[in-house]
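Reviewing the structure listed below.
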Amino acid sequence: MNVMTVDDRRRFLAAKLKGARLKANAQRKYSRTSQGQPQSVVAKRHLSLTQAFVAQELGISQSFLSKLEKGQQEPNFLLVELLASYYGVKLSEFATYTHEETRLGHHLND
């Protein structure tokens, strides 16, 4: 069985979280320009997804989000679920547990 260490999980999640934010940001910019609408009409939903903006939207600190994206902290499942929903990606993209670990309940310890 291939089990990820805590450090492996943090690095994996860090890369996925940062990638999801940057991808969502790029999609928002593309959406804004393709609509041809003035920024005032598009408003808040098309502002850049900086760490500070996302953190404020989700009610967490920017420094905590930064630590998540650097792999210095590991989010709990509820925060991962919230981030996936906010970025518009499938929760499975952030999965770090093998099927066997999930079956044995390892993910419940987080």
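For the range 43-57, a residue qualifies if it is at pLDDT 90 or above and surrounded by 15 or more Cβ atoms within 10 Å (Cβ to Cβ), and the qualifying residues are GLN51, PHE53, VAL54, ALA55. Residues that are more than 18 Å from ALA15 (Cα to Cα), among the hydrophobic types (A, V, I, L, M, F, W, C), at pLDDT 70 or above and in contact with a helix residue (DSSP H, G or I) (Cβ under 8 Å, 6 or more places away or on another chain) occur in the range 58-77; there is at least one. Kindly evaluate SER40 against the criterion of being among the polar types (S, T, N, Q), over 12 Å from THR96 (Cβ atoms), modelled with pLDDT under 90 and outside any loop (DSSP other than H, G, I, E, B). So SER40 passes the test.
The values are calculated or read from the model by the stated rules, or taken from the named source; none is laboratory data. Keep in mind it's a predicted model, so treat the numbers as computed, not measured. We place every Cβ from the backbone using ideal geometry, glycine too, and count neighbours over all the protein chains shown.
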